[in-house]
1. Pull up the range 199-253, narrow it to residues that are among the aliphatic types (A, V, I, L, M) and in a helix (DSSP H, G or I), then point me to the one that is surrounded by the fewest Cβ atoms within 10 Å (Cβ to Cβ).
2. Could we say that LEU172 is modelled with pLDDT of 95 or more, surrounded by 22 or more Cβ atoms within 10 Å (Cβ to Cβ) and either in the same structural domain as ARG157 (by TED's automatic domain parsing) or over 23 Å from GLY29 (Cβ atoms) (or both) here?
3. Closer than 16 Å to ILE114 by Cβ, in contact (Cβ under 8 Å) with a residue 12 or more places away in the chain and in a helix (DSSP H, G or I), is that true of SER63?
Amino acid sequence: MPSELVDPGHDPRWDVWLNHFDGASCFHGGAWARLLEETYGARSMGLVSLDSAGTPLAMVPVSWAPRRFRSIKATSVLFADFAEPLARDPVSCSELLAELLSHGRRRRWGTIEIRGAGLNRANSAASTEYWQHELDLRPGPDALLAAMADGTRRSIRKAERSGLRAEVSTSLDAVLAYFELHCLTRQRLGSPPQPRAFFVNLWRQFVEPGRGFVVTVRHEGQPAAGMIVLTHRGRAVYKFGASDHRHQALRPNNLAMWFAIRHCIEQGMSRLHFGRTSMHDDGLRRYKNGWGCEESVLQYFRIDLATGQNVAVPDIAGGWTSSLVRRMPVGLVTRLGGALYRHLL
(Lines give C-alpha, C1' and ligand atoms only; values in the text may rest on other atoms or scores of the structure.)
Protein backbone atom coordinates (compact mmCIF):
# COMPACT_ATOMS: atom_id res chain seq x y z
CA MET A 1 0.00 0.00 0.00
CA PRO A 2 1.22 3.57 -0.64
CA SER A 3 2.87 5.37 2.26
CA GLU A 4 3.71 8.96 3.03
CA LEU A 5 6.35 10.74 5.05
CA VAL A 6 4.92 13.77 6.83
CA ASP A 7 5.91 16.24 9.53
CA PRO A 8 3.58 15.39 12.46
CA GLY A 9 4.01 18.78 14.09
CA HIS A 10 3.08 20.83 11.05
CA ASP A 11 0.98 18.67 8.70
CA PRO A 12 -2.67 18.85 9.89
CA ARG A 13 -3.45 15.52 8.23
CA TRP A 14 -1.41 13.67 10.86
CA ASP A 15 -3.76 14.34 13.78
CA VAL A 16 -6.77 13.61 11.55
CA TRP A 17 -5.31 10.21 10.66
CA LEU A 18 -4.68 9.49 14.35
CA ASN A 19 -8.43 9.59 14.94
CA HIS A 20 -8.72 6.24 13.11
CA PHE A 21 -6.86 4.41 15.91
CA ASP A 22 -8.21 3.82 19.41
CA GLY A 23 -4.68 3.30 20.73
CA ALA A 24 -3.48 6.77 19.79
CA SER A 25 -2.17 8.76 22.75
CA CYS A 26 -1.02 12.29 23.54
CA PHE A 27 2.53 11.21 22.62
CA HIS A 28 1.56 10.25 19.05
CA GLY A 29 0.16 13.65 18.09
CA GLY A 30 1.51 16.81 16.55
CA ALA A 31 1.53 18.67 19.89
CA TRP A 32 4.24 16.40 21.31
CA ALA A 33 6.34 16.84 18.15
CA ARG A 34 6.04 20.63 18.44
CA LEU A 35 6.94 20.48 22.14
CA LEU A 36 10.16 18.60 21.32
CA GLU A 37 11.00 20.96 18.49
CA GLU A 38 10.38 24.15 20.46
CA THR A 39 12.26 23.00 23.56
CA TYR A 40 15.16 20.95 22.21
CA GLY A 41 15.30 21.57 18.47
CA ALA A 42 14.35 17.93 17.89
CA ARG A 43 13.07 16.83 14.50
CA SER A 44 10.11 14.56 13.87
CA MET A 45 8.89 12.34 11.06
CA GLY A 46 5.64 10.48 10.67
CA LEU A 47 5.31 7.45 8.42
CA VAL A 48 1.79 6.43 7.41
CA SER A 49 0.53 3.73 5.04
CA LEU A 50 -2.83 4.36 3.33
CA ASP A 51 -5.34 2.17 1.57
CA SER A 52 -6.76 2.97 -1.86
CA ALA A 53 -9.38 5.25 -0.29
CA GLY A 54 -6.76 7.26 1.61
CA THR A 55 -7.64 5.74 4.99
CA PRO A 56 -4.64 4.98 7.23
CA LEU A 57 -3.71 1.33 7.73
CA ALA A 58 -0.72 1.96 9.99
CA MET A 59 1.29 4.92 11.25
CA VAL A 60 4.25 5.61 13.51
CA PRO A 61 5.91 8.87 14.65
CA VAL A 62 9.68 9.14 15.15
CA SER A 63 11.77 11.95 16.62
CA TRP A 64 15.49 12.55 16.88
CA ALA A 65 18.10 15.19 17.68
CA PRO A 66 20.32 16.48 14.85
CA ARG A 67 23.93 15.45 15.49
CA ARG A 68 27.07 16.42 13.65
CA PHE A 69 29.62 13.96 14.98
CA ARG A 70 27.57 11.12 16.51
CA SER A 71 25.16 8.63 14.97
CA ILE A 72 21.51 9.54 15.32
CA LYS A 73 19.30 7.64 17.77
CA ALA A 74 15.71 7.90 16.54
CA THR A 75 12.90 7.13 18.96
CA SER A 76 9.14 6.66 18.82
CA VAL A 77 9.14 9.13 20.48
CA LEU A 78 11.58 11.17 22.59
CA PHE A 79 10.71 11.61 26.29
CA ALA A 80 7.44 9.68 25.88
CA ASP A 81 6.58 6.70 28.07
CA PHE A 82 5.14 4.92 25.03
CA ALA A 83 4.32 5.67 21.39
CA GLU A 84 3.92 2.30 19.75
CA PRO A 85 3.10 1.87 16.05
CA LEU A 86 -0.62 2.10 15.35
CA ALA A 87 -2.05 -0.42 12.89
CA ARG A 88 -5.29 -2.08 11.85
CA ASP A 89 -3.65 -5.51 11.65
CA PRO A 90 -0.26 -7.21 12.24
CA VAL A 91 0.60 -7.33 8.53
CA SER A 92 0.18 -3.57 8.10
CA CYS A 93 2.27 -3.00 11.22
CA SER A 94 5.06 -5.30 10.03
CA GLU A 95 5.20 -3.70 6.58
CA LEU A 96 5.28 -0.19 8.04
CA LEU A 97 8.10 -1.04 10.45
CA ALA A 98 10.14 -2.63 7.66
CA GLU A 99 9.77 0.59 5.68
CA LEU A 100 10.72 2.65 8.73
CA LEU A 101 13.95 0.67 9.16
CA SER A 102 14.70 1.17 5.48
CA HIS A 103 14.23 4.94 5.86
CA GLY A 104 16.55 4.92 8.85
CA ARG A 105 19.29 3.13 6.95
CA ARG A 106 19.05 5.57 4.05
CA ARG A 107 19.36 8.47 6.53
CA ARG A 108 22.36 6.74 8.18
CA TRP A 109 20.73 6.55 11.61
CA GLY A 110 22.46 4.36 14.14
CA THR A 111 19.43 2.97 15.98
CA ILE A 112 15.63 3.24 16.14
CA GLU A 113 13.84 2.67 19.44
CA ILE A 114 10.17 1.67 19.51
CA ARG A 115 8.49 2.30 22.86
CA GLY A 116 5.48 0.14 23.60
CA ALA A 117 3.49 -2.71 22.13
CA GLY A 118 3.04 -3.31 18.43
CA LEU A 119 6.55 -4.47 17.53
CA ASN A 120 6.44 -8.20 16.88
CA ARG A 121 10.04 -9.32 16.27
CA ALA A 122 10.16 -13.09 16.26
CA ASN A 123 12.41 -14.61 18.93
CA SER A 124 13.72 -11.16 19.89
CA ALA A 125 13.98 -10.09 23.50
CA ALA A 126 13.04 -6.53 24.41
CA SER A 127 15.89 -4.07 24.88
CA THR A 128 14.36 -2.75 28.12
CA GLU A 129 11.26 -3.57 30.14
CA TYR A 130 9.24 -1.48 32.57
CA TRP A 131 6.03 -1.92 34.51
CA GLN A 132 3.05 0.06 33.28
CA HIS A 133 -0.23 0.66 35.11
CA GLU A 134 -3.59 1.75 33.75
CA LEU A 135 -6.82 2.47 35.62
CA ASP A 136 -10.24 1.84 34.09
CA LEU A 137 -12.30 4.89 35.10
CA ARG A 138 -15.64 3.66 33.80
CA PRO A 139 -16.85 2.11 37.10
CA GLY A 140 -16.99 5.61 38.64
CA PRO A 141 -15.50 7.13 41.80
CA ASP A 142 -17.45 5.14 44.38
CA ALA A 143 -16.55 1.77 42.87
CA LEU A 144 -12.92 2.83 42.35
CA LEU A 145 -12.65 3.97 45.95
CA ALA A 146 -14.03 0.64 47.17
CA ALA A 147 -11.58 -1.31 44.98
CA MET A 148 -8.46 0.51 46.23
CA ALA A 149 -5.99 -0.99 48.65
CA ASP A 150 -6.85 -0.19 52.26
CA GLY A 151 -3.67 1.85 52.71
CA THR A 152 -4.43 4.00 49.67
CA ARG A 153 -7.95 4.70 50.89
CA ARG A 154 -6.68 5.60 54.38
CA SER A 155 -4.11 7.99 52.88
CA ILE A 156 -6.83 9.83 50.96
CA ARG A 157 -8.93 10.18 54.11
CA LYS A 158 -5.93 11.39 56.10
CA ALA A 159 -5.14 14.04 53.46
CA GLU A 160 -8.75 15.25 53.50
CA ARG A 161 -8.76 15.51 57.32
CA SER A 162 -5.40 17.34 57.34
CA GLY A 163 -6.89 20.46 55.83
CA LEU A 164 -5.23 20.05 52.43
CA ARG A 165 -7.01 21.69 49.51
CA ALA A 166 -6.82 20.48 45.90
CA GLU A 167 -7.60 22.47 42.77
CA VAL A 168 -7.55 21.91 39.02
CA SER A 169 -6.16 24.60 36.75
CA THR A 170 -5.05 25.16 33.17
CA SER A 171 -3.13 28.37 33.86
CA LEU A 172 0.56 28.99 33.16
CA ASP A 173 0.96 30.03 36.82
CA ALA A 174 -0.20 26.56 37.89
CA VAL A 175 2.31 24.90 35.56
CA LEU A 176 5.14 27.09 36.87
CA ALA A 177 4.12 26.38 40.47
CA TYR A 178 4.31 22.70 39.60
CA PHE A 179 7.77 23.28 38.07
CA GLU A 180 9.08 24.54 41.43
CA LEU A 181 7.88 21.34 43.10
CA HIS A 182 9.30 19.33 40.21
CA CYS A 183 12.78 20.75 40.78
CA LEU A 184 12.61 19.96 44.51
CA THR A 185 11.52 16.41 43.83
CA ARG A 186 14.13 15.76 41.15
CA GLN A 187 16.85 17.03 43.48
CA ARG A 188 15.63 14.67 46.20
CA LEU A 189 15.61 11.74 43.76
CA GLY A 190 18.98 12.64 42.29
CA SER A 191 17.78 13.38 38.76
CA PRO A 192 18.11 16.72 36.91
CA PRO A 193 14.72 18.27 36.03
CA GLN A 194 13.55 19.20 32.56
CA PRO A 195 14.22 22.89 31.79
CA ARG A 196 11.66 25.57 32.58
CA ALA A 197 11.14 26.12 28.83
CA PHE A 198 9.88 22.54 28.52
CA PHE A 199 7.02 23.22 30.94
CA VAL A 200 6.17 26.57 29.36
CA ASN A 201 5.93 24.82 25.98
CA LEU A 202 4.00 21.95 27.55
CA TRP A 203 1.44 24.47 28.77
CA ARG A 204 1.28 26.10 25.32
CA GLN A 205 0.89 22.83 23.40
CA PHE A 206 -1.25 20.81 25.80
CA VAL A 207 -2.69 22.54 28.84
CA GLU A 208 -3.82 25.84 27.36
CA PRO A 209 -5.58 24.20 24.34
CA GLY A 210 -7.45 21.78 26.62
CA ARG A 211 -5.25 18.71 26.15
CA GLY A 212 -4.32 18.49 29.82
CA PHE A 213 -4.61 19.98 33.27
CA VAL A 214 -2.68 20.62 36.48
CA VAL A 215 -3.69 19.50 39.97
CA THR A 216 -2.22 21.49 42.86
CA VAL A 217 -2.60 20.49 46.51
CA ARG A 218 -1.99 23.24 49.05
CA HIS A 219 -1.29 23.25 52.76
CA GLU A 220 -1.98 26.58 54.45
CA GLY A 221 -1.91 28.22 51.04
CA GLN A 222 1.47 26.82 49.95
CA PRO A 223 1.89 24.13 47.23
CA ALA A 224 2.49 20.75 48.86
CA ALA A 225 2.07 18.48 45.81
CA GLY A 226 1.14 18.70 42.16
CA MET A 227 0.71 16.68 39.02
CA ILE A 228 0.25 17.22 35.30
CA VAL A 229 -2.14 15.03 33.32
CA LEU A 230 -2.25 14.97 29.50
CA THR A 231 -5.33 13.85 27.59
CA HIS A 232 -6.27 12.56 24.15
CA ARG A 233 -9.72 11.42 23.00
CA GLY A 234 -10.98 10.01 26.27
CA ARG A 235 -7.67 8.66 27.53
CA ALA A 236 -5.47 10.40 30.11
CA VAL A 237 -1.81 10.00 31.04
CA TYR A 238 -0.32 10.94 34.41
CA LYS A 239 2.92 12.38 33.07
CA PHE A 240 4.46 14.36 35.94
CA GLY A 241 4.08 14.35 39.70
CA ALA A 242 6.02 16.13 42.45
CA SER A 243 5.76 17.24 46.05
CA ASP A 244 7.36 19.17 48.88
CA HIS A 245 8.84 16.46 51.10
CA ARG A 246 8.13 18.47 54.23
CA HIS A 247 4.42 17.72 53.84
CA GLN A 248 4.78 14.01 53.04
CA ALA A 249 3.14 12.88 56.30
CA LEU A 250 -0.11 14.61 55.25
CA ARG A 251 -0.30 12.46 52.07
CA PRO A 252 -0.72 15.30 49.54
CA ASN A 253 0.30 13.03 46.63
CA ASN A 254 -2.62 10.72 47.34
CA LEU A 255 -5.06 13.61 47.43
CA ALA A 256 -3.65 14.97 44.14
CA MET A 257 -4.12 11.61 42.43
CA TRP A 258 -7.63 11.09 43.79
CA PHE A 259 -8.60 14.62 42.69
CA ALA A 260 -7.15 13.94 39.22
CA ILE A 261 -9.05 10.65 38.93
CA ARG A 262 -12.35 12.32 39.78
CA HIS A 263 -11.66 15.20 37.39
CA CYS A 264 -10.87 12.75 34.58
CA ILE A 265 -14.18 11.00 35.22
CA GLU A 266 -16.03 14.33 35.18
CA GLN A 267 -14.38 15.13 31.84
CA GLY A 268 -15.55 11.84 30.32
CA MET A 269 -12.18 10.05 30.34
CA SER A 270 -12.38 6.26 30.27
CA ARG A 271 -8.81 5.35 31.25
CA LEU A 272 -5.91 6.89 33.15
CA HIS A 273 -2.40 5.64 32.41
CA PHE A 274 0.02 5.98 35.34
CA GLY A 275 3.15 5.98 33.17
CA ARG A 276 6.12 3.66 33.24
CA THR A 277 7.84 2.33 36.37
CA SER A 278 11.34 0.90 36.65
CA MET A 279 11.45 -2.82 37.33
CA HIS A 280 13.69 -1.93 40.29
CA ASP A 281 11.29 0.56 41.91
CA ASP A 282 9.16 -1.64 44.15
CA GLY A 283 7.85 1.31 46.16
CA LEU A 284 6.41 3.14 43.16
CA ARG A 285 5.02 -0.11 41.82
CA ARG A 286 3.16 -0.74 45.10
CA TYR A 287 1.85 2.84 45.09
CA LYS A 288 0.35 2.46 41.61
CA ASN A 289 -1.07 -0.98 42.28
CA GLY A 290 -2.73 0.43 45.37
CA TRP A 291 -5.13 2.40 43.14
CA GLY A 292 -6.51 -0.79 41.59
CA CYS A 293 -4.62 -0.44 38.31
CA GLU A 294 -4.15 -3.12 35.70
CA GLU A 295 -0.45 -3.98 35.64
CA SER A 296 1.45 -5.14 32.55
CA VAL A 297 4.95 -5.10 31.08
CA LEU A 298 5.95 -2.21 28.82
CA GLN A 299 8.63 -3.21 26.32
CA TYR A 300 11.12 -1.04 24.44
CA PHE A 301 12.93 -2.32 21.35
CA ARG A 302 16.11 -0.52 20.22
CA ILE A 303 17.19 -1.79 16.81
CA ASP A 304 20.74 -1.45 15.49
CA LEU A 305 20.17 -0.53 11.85
CA ALA A 306 23.54 -1.87 10.74
CA THR A 307 22.79 -5.39 11.99
CA GLY A 308 18.99 -5.42 12.32
CA GLN A 309 19.37 -6.81 15.84
CA ASN A 310 17.94 -5.55 19.12
CA VAL A 311 20.36 -3.71 21.40
CA ALA A 312 20.16 -4.39 25.14
CA VAL A 313 19.57 -1.17 27.09
CA PRO A 314 19.93 -1.47 30.88
CA ASP A 315 17.26 0.10 33.07
CA ILE A 316 19.65 2.07 35.27
CA ALA A 317 18.29 3.44 38.54
CA GLY A 318 20.50 5.56 40.78
CA GLY A 319 24.30 5.62 40.53
CA TRP A 320 26.99 8.12 41.48
CA THR A 321 25.37 10.93 39.48
CA SER A 322 22.21 10.63 41.58
CA SER A 323 24.24 11.01 44.77
CA LEU A 324 25.95 14.09 43.33
CA VAL A 325 22.68 15.76 42.29
CA ARG A 326 21.18 15.21 45.76
CA ARG A 327 24.03 17.24 47.27
CA MET A 328 23.52 20.23 44.96
CA PRO A 329 21.43 23.31 45.86
CA VAL A 330 18.07 23.19 44.10
CA GLY A 331 18.92 26.32 42.06
CA LEU A 332 22.03 24.63 40.65
CA VAL A 333 20.07 21.43 39.95
CA THR A 334 17.51 23.48 38.01
CA ARG A 335 20.21 25.12 35.88
CA LEU A 336 21.92 21.77 35.36
CA GLY A 337 18.71 20.28 33.98
CA GLY A 338 18.35 23.14 31.52
CA ALA A 339 21.89 22.55 30.27
CA LEU A 340 21.86 18.75 30.15
CA TYR A 341 18.56 17.71 28.60
CA ARG A 342 19.39 18.82 25.07
CA HIS A 343 22.44 16.52 25.22
CA LEU A 344 20.43 13.55 26.46
CA LEU A 345 18.50 13.28 23.20
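1. ALA249
2. no
3. No: the conditions fail for SER63.
The values are calculated or read from the model by the stated rules, or taken from the named source; none is laboratory data. Computed from a predicted model, the values in this text were never measured in an experiment. Note that each Cβ is placed from the backbone with ideal geometry, even for glycine, and that neighbours are counted across all protein chains shown.
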